[in-house]
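Everything below concerns the one structure shown next.
The values are calculated or read from the model by the stated rules, or taken from the named source; none is laboratory data. Not measured: the values here are computed from a predicted model. Reconstructed Cβ throughout: ideal geometry from the backbone, glycine too, with neighbour counts over all protein chains shown.
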């Protein structure tokens, strides 16, 4: 075992303290409503207005892309998860949905177990649905066997995602909305798209007062084999993140990540380019909840006090805060 | 067994045909994107714009209520589900989240089961989270032990809900957004609130061209004991629904339901009125997805052709349809 130095101990303690302070602020201002389980929060109307404001800002900034917009529900077919190898790489983060399929007698047994404080896990069965692991994963099956148009395809997606990593750090939720831009096409199409984002992402965040850094990153692959995968991913620079400090000043948090999948997702679904080649894909994961939290952390818990230019970009200025109206309306 | 008469057979066949026609239309116009599992659909930008439009209309119509608005994620603590007796009454509809908690060796076993087409249900464990069964259920624990203000409290909530009832009828989804208005207070407060809604609900739907009927209803309680509960619920008129034909002309669909809970939810969480009495609660479940589908079914699959007054109420008129912009933005 690696010896934990006292310096590391201090850092961990400071980090926890910083996380707690951030969460306490979010709760005090009615932005977050805690539950009994870490990483699951209700959100108040002002938080929702800021999230909707950023979504609107992003839509404005990227309108000329002409991406196809889709909204996905928080669950998807279990077959999706299995086909793309999620259980190989991230079994510890997945959420599988189990349901009761029995009759009256089985039901009585379940209730008796529940009453006696015993586990009733054996009374329910694995279903054919799972929680979304990432916003882009429900997309690929809808393109199964398709030929993309010349120049490839662009999608602008949003969905609730699930990650089984209970934490008291408000930026690490078990259930959170993630927006993704997905590009599919020839490797050259994907490269061009990536270069464009590299230029505009930093500028976009600057407009709303967030100073981000760009770093090469890796996914949290599971287990001993995962360490090798992470090293390979870093070496190929297939993933990079835009980071800034949110819940801790020492460890910056990713608020947007670029992921080049090559044919990892297009392969299992036989998605091809206009000339019949196997398409490549890449996604830009836009952590809209982390961005909203970063805005509160950076500019303060009350958006009424934010810089006028930031409020203007987020569409928060000019109109008085509507009492009794959910921020995003569509939620 | 009850003999199925040929008349019933015809009705079932017609209903299935009507359901299929509705789903086919929704898919053809890009409003729904089907998945491999019945009852799970992606939604297109025009559908999202109509859903957001109705949400906005509802917010306008109810602004003077001054309700407290909250957004909840699609999962909640399992303890919530257990405390309110959901597994007693609706075990067949619940969705429990299981996750992998093992090490490298367990992981290899899971992967070998997956590869051999065997069940790996035994490799995952029941967690402390479940899918939301109803939008108001995450609310009650946040009010635990509280005294309500004089006149009670009003909430305006939205969340994704889960019901394990796979169906090819597009109005019966496994995963759908539900908005709820919740009233807590003295029985008299709840009664006044109910009377107010009875007057305005019909008028509200009339404005957007939906002709609803009001019927006494019951919840789909499980099993043999459930039939008695359903009869009792009908006799006490604790639940009534606003219905109109959507996927079938014979069997109307509920798009809004009023549910009087008495102290079913306030009891387990010890929620009291300002004078210390046990509070009562009632909710108005607003089936925003079914209302959106009813609008498409009633006025046609292209909102550009809808009556001007309906478009105006939904905020769809005046502005050209924005290409490449998600309808609700906040999703």
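Any residue at all in the stretch B:115-131 that is farther than 24 Å from residue A:77 by Cβ and more than 7 Å from chain A (Cβ to nearest Cβ)? For the stretch B:115-131, residues farther than 24 Å from residue A:77 by Cβ and more than 7 Å from chain A (Cβ to nearest Cβ): absent. Every condition in (1) at the interface with chain B (Cβ under 7 Å from one of its Cβ atoms); (2) farther than 21 Å from residue B:161 by Cα; (3) in contact with a helix residue (DSSP H, G or I) (Cβ under 6 Å, 6 or more places away or on another chain) holds for residue A:100 except the one numbered (2). Find the residue count for the stretch B:71-83, including only residues that are touching a helix residue (DSSP H, G or I) at 6+ places or on another chain (Cβ under 7 Å) and either more than 7 Å from chain A (Cβ to nearest Cβ) or in contact (Cβ under 8 Å) with a residue 60 or more places away in the chain (or both). Residues that pass the stated criteria total 3.
The set of residues from the stretch A:174-201 being part of a helix (DSSP H, G or I) and within 30 Å of residue B:71 (Cβ to Cβ) comprises A:197, A:200, A:201.
The number of residues in the stretch A:146-175 being in contact with a strand residue (DSSP E or B) (Cβ under 6 Å, 6 or more places away or on another chain) and either under 19 Å from residue B:99 (Cα atoms) or not assigned by TED's automatic domain parsing to the domain that holds residue A:291 (or both) comes to 5.
When the stretch A:39-61 is limited to residues that are surrounded by fewer than 24 Cβ atoms within 10 Å (Cβ to Cβ), more than 16 Å from the chain's Cα centre (by Cα) and within 13 Å of residue A:208 (Cα to Cα), the one that is nearest to the other protein chains (Cβ to nearest Cβ) turns out to be A:56. Give me the residue from the stretch A:202-214 that is assigned to a helix (DSSP H, G or I) and either touching a helix residue (DSSP H, G or I) at 6+ places or on another chain (Cβ under 7 Å) or not assigned by TED's automatic domain parsing to the domain that holds residue A:290 (or both) and, out of that set, farthest from residue A:284 (Cα to Cα). Looking at residues that are assigned to a helix (DSSP H, G or I) and either touching a helix residue (DSSP H, G or I) at 6+ places or on another chain (Cβ under 7 Å) or not assigned by TED's automatic domain parsing to the domain that holds residue A:290 (or both), I get A:207. Scanning the stretch A:262-283 for residues that are under 30 Å from residue A:28 (Cβ atoms), buried (at least 20 other Cβ atoms within 10 Å of the Cβ) and modelled with pLDDT of 95 or more turns up nothing. Tallying residues that are surrounded by fewer than 24 Cβ atoms within 10 Å (Cβ to Cβ) and part of a loop (DSSP other than H, G, I, E, B) within the stretch A:138-162 yields 9.
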